[in-house]
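Undergrad: Okay, here's the structure, questions in a sec.
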Amino acid sequence: MYDIRQFLMKYNSVIYTRDPITDLYLMEEELRALYDVKLIDPKRYMHGKLLLGREAERLQAEHNKKTDDMEEL
């Protein structure tokens, strides 16, 4: 997520909402917008989407673990 955030800052896009899931969504939207106007090539776009997808999976797994732990109490 840090790499994508730093990359987007090169295009004057700063995303920080205090909610990692919302940040991922907004970063994906910004990445798509850069791709749509041809500022980034398809390879960089797909790589960025892959990284964001992996981070979303990690956050979801972390959330599920916390939820499971709370249910055990």
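The values are calculated or read from the model by the stated rules, or taken from the named source; none is laboratory data. Since the structure is predicted, the reported quantities are computational estimates derived from the model, not experimental observations. Quick reminder, even Gly has a Cβ in these numbers, built from the backbone with ideal geometry, and neighbours come from all protein chains shown.
Undergrad: Let me spell it out: the conditions are (1) at positive phi; (2) surrounded by 11 or more Cβ atoms within 10 Å (Cβ to Cβ), and residue 38 meets all of them except one. Which number is the exception?
TA: Condition (2) is where residue 38 drops out.
Undergrad: Sticking with this one: Starting from the range 31-43, keep only residues that are closer than 15 Å to residue 4 by Cβ, then list their pairs with residues that are small (Gly, Ala, Ser) and part of a helix (DSSP H, G or I) whose Cβ atoms are within a distance under 6 Å, requiring at least 6 positions of separation or different chains.
TA: Partner pairs satisfying both residue conditions: 31/48.
Undergrad: Check 61, 56 and return the single one that is at pLDDT below 95, crowded, with 16+ Cβ neighbours inside 10 Å and part of a helix (DSSP H, G or I).
TA: None of the others qualify; the one that does is 56.
Undergrad: When the range 1-25 is examined, which residues are found to be in a helix (DSSP H, G or I), surrounded by 16 or more Cβ atoms within 10 Å (Cβ to Cβ) and either among the aliphatic types (A, V, I, L, M) or in contact (Cβ under 8 Å) with a residue 60 or more places away in the chain (or both)?
TA: 4, 8, 24
Undergrad: Could you please tell me which pairs satisfy a Cβ distance under 9 Å, a separation of 6+ or placement on different chains, a first residue in the range 44-71 that is without any contact (Cβ under 8 Å) to a residue 24 or more places away in the chain, and a second residue that is assigned to a helix (DSSP H, G or I) and of a type in the set (D, E, K, R)?
TA: What qualifies is 45/32; 49/28; 49/32; 53/28.
Undergrad: How many of the residues making up the range 28-73 are aromatic (Phe, Trp, Tyr) and in contact with an Asp or Glu (Cβ under 9 Å, 6 or more places away or on another chain)?
TA: Final tally of qualifying residues: 1.
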